[in-house]
Every structure is written in structure tokens, then in C-alpha cells.
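What follows is one structure encoded as C-alpha cells, with my remarks underneath.
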Amino acid sequence: MKLLLEREIKTDVFTLGRLYIDGQFKMFTCEDAVREKPGIPVAEWKVPSKTAIPRGSYRVIITFSQRFQKHLPLLLDVPGFSGIRIHAGNTEKDTEGCILLGTGRAQGMVTNSRFAMSVFMPLLEEGLKNGVVTIEVRG
């Protein structure tokens, strides 16, 4: 299974995008602000808890989150970041570099996030049963 996060709306506070699964649009995303400066080490541009992850391709697994006390998707080997998950939330205040999902979006936020996660998790679980799942982050 291939996930694609296409970033569309970038501000100095939040980033909104779209998530595709195997080429089909599935839901909207919300992240922190994109601060990436290509060719410059992450430590030089990252603002802790307020920065979206770098563009790239990452393997996705599901593990137990101590913070959320449930199983959630985890992105592996994100340069300069740890514990990057895909989870429910509405605005950049609900993320510390993680990716939030929603079935709708409004100014600076995604909506229906818990429902979006309830749709996404079975799709991801099925994808993992069939092999490796990756997410490509663009934009």
C-alpha cells in the first residue's frame, strides 16, 4: 500500500493537505508549519513541537502509543523527529509534528477527525497484512 500526503495550503502556523491511498483521494490532513530548508540539517530549521516533518518517503507501521493509550500508525526513520504518528485532531495545536486526518476541512483545520481515523485504521491494517506500507510526503 502506498500513501501519499500532498501538502496544499501552507502558512507560518499550519499546513493542510490531502491523503491518497494507492492513488485515490481518501481524506484531508493537517500538520504543523513546513519549515524545511532543503540541504540544511533538520536541527537548524526545526522548531520543536511546531514543525511538520521533512518531505520524503517513510515506512508506516502500527504500534501502541503510550501517549494515546491505543494502537496508532507510526512513521519510521523520520530525520530529526521521533514518535511521528497519524492520529485524530483538528488543528496544529493537536499535533507535535504528527499528521492529523479529517473527512472535511475548514480554515486552518480538519473536521470529523475521529471518524476519519475509524475509516483509515482498517484500510491501513489491511495494507500491512498484504505487505509494506509507505507514505510519501510532498510539498
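The values are calculated or read from the model by the stated rules, or taken from the named source; none is laboratory data. These figures come from a predicted structure and were not determined experimentally. Cβ atoms come from the backbone with ideal geometry, glycine included; neighbour counts cover every protein chain shown. Accessible surface is based on the protein model in full, side chains and every heavy atom, while ligands, DNA and RNA are left aside. Shrake-Rupley method; radii C 1.70, N 1.55, O 1.52, S 1.80 Å.
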**Message:** For the condition within 21 Å of Gly127 (Cα to Cα) and of a type in the set (Lys, Arg), what is the one hit in Arg59, Arg55, Arg35, Arg67?
**Reply:** Arg59
**Request:** Starting from residues that are at pLDDT 95 or above and open to solvent by 70 Å² or more (accessible area, probe 1.4 Å), keep the ones in the stretch 103-117 and report whichever is nearest to His71 (Cα to Cα).
**Result:** Arg114
**Message:** Anything in the stretch 14-51 that is open to solvent by 70 Å² or more (accessible area, probe 1.4 Å), under 15 Å from the mean Cα position of the chain (by Cα) and farther than 15 Å from Asp94 by Cβ? List them, or say none.
**Reply:** Phe25, Lys26
**Request:** State which residue is most open to solvent (accessible area, probe 1.4 Å) when the search covers only the stretch 57-87 and only residues that are among the charged types (D, E, K, R) and more than 20 Å from Ala116 (Cβ to Cβ).
**Result:** Asp77
**Asked** Limited to the stretch 10-50, what total is found for residues that are part of a loop (DSSP other than H, G, I, E, B) and in contact (Cβ under 8 Å) with a residue 60 or more places away in the chain?
**Response** 3
**Message:** If I ask for residues that are closer than 23 Å to Leu16 by Cα and at pLDDT 95 or above, which ones from the stretch 123-139 would you list?
**Reply:** Leu123, Leu124, Val133, Thr134, Ile135, Glu136, Val137, Arg138
**Asked** Among the candidates Leu123, Leu100, which residue alone is surrounded by fewer than 16 Cβ atoms within 10 Å (Cβ to Cβ), at negative phi and touching a residue at least 24 places away in the same chain (Cβ under 8 Å)?
**Response** Leu123
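Would you call Asp12 among the acidic types (Asp, Glu) and within 19 Å of Leu123 (Cα to Cα)?
When the stated conditions are applied, Asp12 does not pass them.
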**Request:** Scan the stretch 52-71 for residues that are in a strand (DSSP E or B) and either over 14 Å from the mean Cα position of the chain (by Cα) or without any contact (Cβ under 8 Å) to a residue 40 or more places away in the chain (or both) and jot them down.
**Result:** Thr63, Phe64, Ser65, Lys70, His71
**Request:** Select from the stretch 94-139 the residues that are among the polar types (S, T, N, Q) and part of a strand (DSSP E or B) and write down the one among them that is nearest to Thr15 (Cα to Cα).
**Result:** Thr111
